[in-house]
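Trainee: Before I ask anything, here is the structure I am working with.
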Amino acid sequence: MTTTVERIAAWASELTVGDVPDAVVDLCHAQRRSVLAAVAASTTNGAARRVLAGIDSWAAAGAVPIPGTNRTARSDDAIYAATALSMALDFDDYSCFAHSGHSAVLVPLLVAAETSSSGIEQLVAQVVANEVEARLGGACLLGPLNGQLWSFVHAAGASLAAGRLLGLDAGRLAHALALGLYQAPRPTVPGFMSPDSKLLTAAEPTLAGVRAARLAAAGVTGPLDALDDPHGFFDAFAYAPIPALLGGLGEGWATRTLSIKRYPGCAYVDTTVDALLELGPPPADEVASVIVEASLLTYEMDALSRRYGSSGPPTPVTVNFSIPWNVAITLYAGRLTPAETDETWLVEHHNEIARLARRVTLRHDWPLTLRSAKAMAPLLPPRTVVANTRRRLPSALRRVRRDHESLHFLPGDAVALVRALWDANSAVVRRGTTGSHLWSSEALDSFAMTFPARVRVRLRSGRELATEVDVPDGAAGNPTMTPEAVGHEKFDFWGPSVWGADGTVEITEAIDADADELWTLLRA
């Protein structure tokens, strides 16, 4: 019998650039710009410098540049360093179920330095990693981890991307994926929310995936039934796995949900910042109070961040998940960029932003949560999800409720959420745009990454300013600030700080042309 791992590997080995829609290619180019911009913006970050110093202690000599620096190393060490830099400020990209760019972009670019793979082959490897990583994260949607803590996706994506560039056939590629999944990482929340260890979230699993591909190339075997055995991968990473989300490869393209962050920090902060900037933002000294109403995702993110905050200034890590701190910074500075999440800046301006942060109140709003859930309905047809999870769904929902007890998430709330998803999907079915088929092109056509936020600013004069934003700038489905537009904006702004104006233009042109030796341009 053919296993799920073998089916995924067969698709990954057979994919050609002619199979990839132009829209997906354009988004991959935007994703490259976003990742390289994040790397450039992170080169002055204190934690990033400490990680680079640690890597220097073990890195072997090599000719592969560590992007954004004047260092070179062997490809594996360069990949480890680059993924840490791209993670440092949470200034990344994300699709519906994965923050895949760290591995999907950097593994093909840097492994190509040793394999001399063509630019087109690098692009196809990037597509493979994006598509598989999004599906694997989605299949673990009902589980103990979410978002960037689905770091196991990087082990899977890196094993396939590196394997393709190393010339593995479908059989060896299957073993590469199986090896990547065998000891997939299980990160813990404290390590992600506060200390420097956050920077290693993608670095460790990405390197594990690259090594899995190298081992498979040497004939090492892995558990090909890792995604099918009841005691396999899903037993550790999902309360109720949704294996159907692993399907649809080559039919629906998860990359079409790619969203690029315009600001450093968790994506759930973005619509709040968009709304503040839409309001001016008003001068900080005129603001009496700010009320932010948001969905469950934003509320839970902020509740989690408060556990890891301190009485002193926020750090570049802790600030990424806090609504009050980000509102305060945006009001005080008039913007939110990596410059305002710099360690020195946060210390120097702590008193001013702390006073503003104390005026900010965050409230959960169920209608906004339902709006966010309904936006996901085309990608998660409830009938299919229920059919996949079967009897495990009730216990999975109870465990998810336990994990989010700070919100007092009641059983009736979960029922209302499922009913809203069901009704939303039924309405879409009646319009004839999708059905129970996962990853349908119709569903992806209508998808918008939706994290609603309503912001009310009361001024000292008594006047109130209010606005509401559903889809962040740079997110899938945003009609004006598209992912492609924000990708250009990010790289055009941050690229020159490392590569200079001419170097930034040269890299941009190489990205658009899928140049074979793009990696040679990445040294500072």
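Yes/no per residue for (1) under 30 Å from residue 441 (Cβ atoms); (2) out of contact with any Asp or Glu (no Cβ under 6 Å at 6 or more places or on another chain); (3) among the small types (Gly, Ala, Ser):
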residue	(1), (2), (3)
315	no, yes, no
337	no, yes, no
343	no, yes, no
351	no, yes, no
368	yes, yes, no
378	yes, yes, no
396	yes, yes, yes
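Trainee: Let me ask another. Given the criteria farther than 20 Å from residue 119 by Cα and assigned to a helix (DSSP H, G or I), does residue 24 qualify?
Mentor: The answer is no for residue 24.
Trainee: Confirm whether residue 458 is outside the structural domain of residue 23 (by TED's automatic domain parsing), in contact with a strand residue (DSSP E or B) (Cβ under 9 Å, 6 or more places away or on another chain), assigned to a strand (DSSP E or B) and over 29 Å from residue 98 (Cβ atoms). Break it down stepwise before answering.
Mentor: Values: outside the structural domain of residue 23 (by TED's automatic domain parsing): yes; in contact with a strand residue (DSSP E or B) (Cβ under 9 Å, 6 or more places away or on another chain): yes; assigned to a strand (DSSP E or B): yes; over 29 Å from residue 98 (Cβ atoms): yes.
It is true that residue 458 is outside the structural domain of residue 23 (by TED's automatic domain parsing), in contact with a strand residue (DSSP E or B) (Cβ under 9 Å, 6 or more places away or on another chain), assigned to a strand (DSSP E or B) and over 29 Å from residue 98 (Cβ atoms).
Trainee: For residues that are closer than 22 Å to residue 186 by Cα and crowded, with 24+ Cβ neighbours inside 10 Å, tally how many sit in the range 242-264. Before you say what the answer is, go through the steps one by one.
Mentor: Going through the range 242-264, the residues closer than 22 Å to residue 186 by Cα turn out to be 242-243, 245-246.
Right, trim to crowded, with 24+ Cβ neighbours inside 10 Å and you get 242, 245.
Number satisfying all stated conditions: 2.
Every residue, every condition in (1) of a type outside the set (S, T, N, Q); (2) outside the structural domain of residue 203 (by TED's automatic domain parsing); (3) assigned to a loop (DSSP other than H, G, I, E, B); (4) closer than 28 Å to residue 514 by Cα, yes or no:
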site	(1), (2), (3), (4)
122	no, no, no, yes
130	no, no, no, yes
133	yes, no, no, yes
138	yes, no, no, no
162	yes, no, no, yes
167	yes, no, yes, yes
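Trainee: Still on this model: From the list 339, 373, 328, exactly one residue is outside any strand (DSSP E or B) and at pLDDT below 95. Which is it?
Mentor: Working: 339 fails: at pLDDT below 95; 328 fails: at pLDDT below 95.
Answer to the check: 373.
Trainee: Anything in the range 45-66 that is among the polar types (S, T, N, Q) and more than 27 Å from the chain's Cα centre (by Cα)? List them, or say none.
Mentor: The answer is 57, and nothing else.
Trainee: A further question follows. Which one of 55, 79 is touching a residue at least 40 places away in the same chain (Cβ under 8 Å), among the aliphatic types (A, V, I, L, M), in a helix (DSSP H, G or I) and outside the structural domain of residue 320 (by TED's automatic domain parsing)? Reasoning before the result, please.
Mentor: Working: 55 fails: touching a residue at least 40 places away in the same chain (Cβ under 8 Å).
Only one candidate passes the filter, namely 79.
Trainee: Kindly establish whether residue 206 is closer than 26 Å to residue 259 by Cβ, modelled with pLDDT of 95 or more, hydroxyl-bearing (Ser, Thr, Tyr) and touching a helix residue (DSSP H, G or I) at 6+ places or on another chain (Cβ under 7 Å).
Mentor: Against the criterion (closer than 26 Å to residue 259 by Cβ, modelled with pLDDT of 95 or more, hydroxyl-bearing (Ser, Thr, Tyr) and touching a helix residue (DSSP H, G or I) at 6+ places or on another chain (Cβ under 7 Å)), residue 206 qualifies.
Trainee: Looking at the range 92-119 only, could you name the residues that are closer than 17 Å to residue 130 by Cα and assigned to a helix (DSSP H, G or I)? Walk me through how you get there before you give the answer.
Mentor: Of all residues in the range 92-119, those closer than 17 Å to residue 130 by Cα come to 92-111, 119.
Result: 101, 102, 103, 104, 105, 106, 107, 108, 109, 110, 111, 119.
Trainee: Further, regarding this structure: Within the range 283-301, is even one residue among the aliphatic types (A, V, I, L, M), touching a residue at least 40 places away in the same chain (Cβ under 8 Å) and touching a His at 6+ places or on another chain (Cβ under 9 Å)?
Mentor: Within the range 283-301 (the criterion being among the aliphatic types (A, V, I, L, M), touching a residue at least 40 places away in the same chain (Cβ under 8 Å) and touching a His at 6+ places or on another chain (Cβ under 9 Å)), the answer is yes, since at least one residue qualifies.
Trainee: Taking the stated definitions as given, is residue 436 modelled with pLDDT under 90, within 30 Å of residue 287 (Cβ to Cβ) and polar (S, T, N, Q)?
Mentor: No, not satisfied.
Trainee: Restricted to the range 131-151, and to residues that are in contact with a Cys (Cβ under 8 Å, 6 or more places away or on another chain) and among the hydrophobic types (A, V, I, L, M, F, W, C), which residue is farthest from residue 200 (Cα to Cα)?
Mentor: My answer is 134.
Trainee: Only one of (1) among the hydrophobic types (A, V, I, L, M, F, W, C); (2) part of a helix (DSSP H, G or I); (3) in contact with a Ser or Thr (Cβ under 6 Å, 6 or more places away or on another chain) is not met by residue 89, so which one is it?
Mentor: (2)
Trainee: Any residue at all in the range 303-316 that is out of contact with any helix residue (DSSP H, G or I) (no Cβ under 9 Å at 6 or more places or on another chain) and in a loop (DSSP other than H, G, I, E, B)?
Mentor: yes
The values are calculated or read from the model by the stated rules, or taken from the named source; none is laboratory data. What you see is a predicted model; the values in this text were computed from it and never measured. Positions of Cβ are generated from backbone atoms using ideal geometry, with glycine treated the same way; all protein chains shown enter the neighbour counts.
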